[in-house]
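Peer 1: Here it is: the structure, laid out below.
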Amino acid sequence: MKRIILTFALFFVAFSIKSQTVNTLTPAEKKSGWKLLFDGKSFAGWHNYRKKGIGERWVISQGAMKLNVGAEEGGDIVTNEVFKGDFEFKIDWKIVPYANNGVFFFVNESPAFKTMYESGLELQVIDNAIYKNEKKDNKHLVGDFFGILKARNAQAKKPGEWNRYHVIFKKNVLRVSLNGSLIHNIDVNGSEWKTAVSQSFLKNSPFAKGRFEGRIGLQDWHSEVWYRNIKARKF
């Protein structure tokens with residue numbers, strides 16, 4: 001019976017991803033305070049990290065933000081909006097084979113941080129085939145918080161198919177689901193989190209010191225990737 005219920009739940013999530021018109025909010029989402037961070041037509045509400053405008057590597061393709069690696073200038077991009085306090089966030093993504101990218105949270109644009117990955121927490125977007133010959137304790141795989149914590153049982157779809165991240169940060173607990181399955185459930189005041197961060201290259205980041213606020217960012221790591229259905233709400 002449990003297997004039947006789980007199969008139905010995963011089917012329902014997959015159906016929901018496909019059935020709802022992309023880059024829109026349902027009446028229920030509007031009522032509960034969700035806001036689109038991407039309208040499917042422009043980069044309104046976004047800018048290059050610590051710069052104005054958007055690099056030409058970023059284009060709009062078939063209702064999605066696409067990182068077009070053929071162009072000369074790109075760069076990481078972040079939301080104009082700063083997220084403080086509890087929030088919920090969703091994003092759909094797909095990649096080409098051997099692509100490597102990331103979605104960032106708590107990004108601080110202070111001059112003290114020359115790059116986005118020096119201040120932000122990266123949720124890995126990647127084709128795991130890149131690391132097929134590396135150790136299992138690698139913290140660079142899909143769903144991992146890059147260099148900090150491994151995801152549990154993160155199952156992405158094959159390159160070319162859409163995936164969905166659903167992130168909830170509420171009452172100091174950080175929860176992440178990939179395609180409907182929970183892959184992180186972290187108390188950021190707990191010893192596991194604090195130890196992992198203190199031993200990582202991000203030990204001097206603002207969030208390592210308890211400052212969980214900042215912009216949401218999308219990485220330019222020279223790999224072809226698409227993002228759509230980007231939305232958030234604050235509690």
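The values are calculated or read from the model by the stated rules, or taken from the named source; none is laboratory data. Because the structure is predicted, anything quoted here is derived from the model rather than measured. Glycine gets a Cβ as well: all are built from the backbone with ideal geometry, and neighbour counts include every protein chain shown. Remember, those area values only see protein heavy atoms, side chains included, never the ligands or the DNA or RNA. Shrake-Rupley method; radii C 1.70, N 1.55, O 1.52, S 1.80 Å.
Peer 1: What does the charge count around N185 come to, taking other residues whose C-beta lies under 10 Å from its C-beta (Lys +1, Arg +1, Asp -1, Glu -1)?
Peer 2: On the way: positive: R152, R175; negative: D187.
Every neighbour counted, the sum reads +1.
Peer 1: Let a ≥ b ≥ c be the square roots of the eigenvalues of the Cα gyration tensor of the stretch 20-66; is it rounded (a/c under 1.5), or, if not, prolate (a/b larger than b/c) or oblate? Could the numbers behind the result be given before it?
Peer 2: Working: a/c = 4.58, a/b = 1.76, b/c = 2.61.
Judged from the Cα gyration tensor, the stretch 20-66 comes out oblate (a/c at least 1.5, b/c at or above a/b).
Peer 1: Need one value: the accessible area of R175 in square angstrom, 1.4 angstrom probe, rounded to the nearest 10.
Peer 2: In the full protein context, R175 sits at about 90 Å².
Peer 1: Give, rounded to the nearest 20 debye, the magnitude of the charge dipole that the chain has about its Cα centre when Lys and Arg contribute +1 at Cβ and Asp and Glu contribute -1 at Cβ.
Peer 2: Values: 37 positive and 23 negative charges, 157 e Å.
Once rounded to the nearest 20, the dipole reads 760 debye.
Peer 1: Now for a separate question. Could you tell me what percent of the accessible area of the stretch 174-235 is made up of carbon and sulfur, with a 1.4 Å probe and every protein chain present?
Peer 2: Answer for the stretch 174-235 is 40 percent, counting heavy atoms of protein chains only.
Peer 1: How much solvent-accessible surface does H222 expose, in Å² to the nearest 10, with a 1.4 Å probe and all protein chains in place?
Peer 2: H222 exposes around 130 Å² with every protein chain in place.
Peer 1: Something else about it: Taking the dipole about the Cα centre of the chain, with the C-beta of Lys and Arg at +1 and of Asp and Glu at -1, give me whichever of G45, Q20, F113 is farthest to the positive side.
Peer 2: Q20
Peer 1: Same structure, new question: Can you tell me the relative contact order of the chain? Whole percent, Cα pairs under 8 Å, sequence separation 6 or more. Please report the intermediate quantities before stating the final value.
Peer 2: Values: 489 pairs, mean separation 69.9, N = 235.
In percent, rounded to a whole number, it is 30.
Peer 1: In a GNM of the chain with a 10 Å cut-off on Cα contacts, which of A64, A44, A208 has the highest mean-square fluctuation?
Peer 2: Taking springs between Cα atoms under 10 Å, the residue moving most is A44.
Peer 1: Around E81, with a cut-off of 13 angstrom between Cβ atoms, what is the net charge of the other residues, counting Lys and Arg +1 and Asp and Glu -1? Write down the numbers at each step before the final one.
Peer 2: Details: positive: K35, K84, R215, K231, R233, K234; negative: E109, E213.
Counting the neighbours of E81, the net charge comes to +4.
Peer 1: Given a 1.4 Å probe and the protein chains all in place, what does the accessible area of L141 round to, in Å² to the nearest 10?
Peer 2: Ignoring ligands and nucleic acids, L141 comes out at about 40 Å².
Peer 1: Taking only Cα atoms and a 10 Å spring cutoff, compute GNM fluctuations for the chain and point out the largest among E118, E81, E224.
Peer 2: For the chain, modelled as a Gaussian network with Cα springs under 10 Å, the answer is E81.
Peer 1: Take T195, T24 and sort them by solvent-accessible surface of the protein heavy atoms, 1.4 Å probe, largest at the top. Let's see the in-between values first.
Peer 2: Numbers: T195 65, T24 45 Å².
If we order T195, T24 from most to least accessible, we get T195, T24.
Peer 1: Heavy atoms only, 1.4 Å probe, whole protein assembly: order D187, D76 by accessible area, highest first. Spell out each step's value before the answer.
Peer 2: Values: D187 80, D76 30 Å².
Ranking D187, D76 by accessible area, largest first, yields D187, D76.
Peer 1: Excluding ligands, DNA and RNA, what is the solvent-accessible area per residue of the chain at a probe of 1.4 Å, expressed in Å²?
Peer 2: That works out to 53 Å² for each residue.
Peer 1: Rounded, prolate or oblate for the chain? Axes are the square roots of the Cα gyration tensor eigenvalues, ordered a ≥ b ≥ c, and the cut-off for rounded is a/c under 1.5. Walk me through the numbers on the way to the answer.
Peer 2: Working: a/c = 1.20, a/b = 1.04, b/c = 1.15.
Rounded shape, in that the Cα axes give a/c under 1.5.
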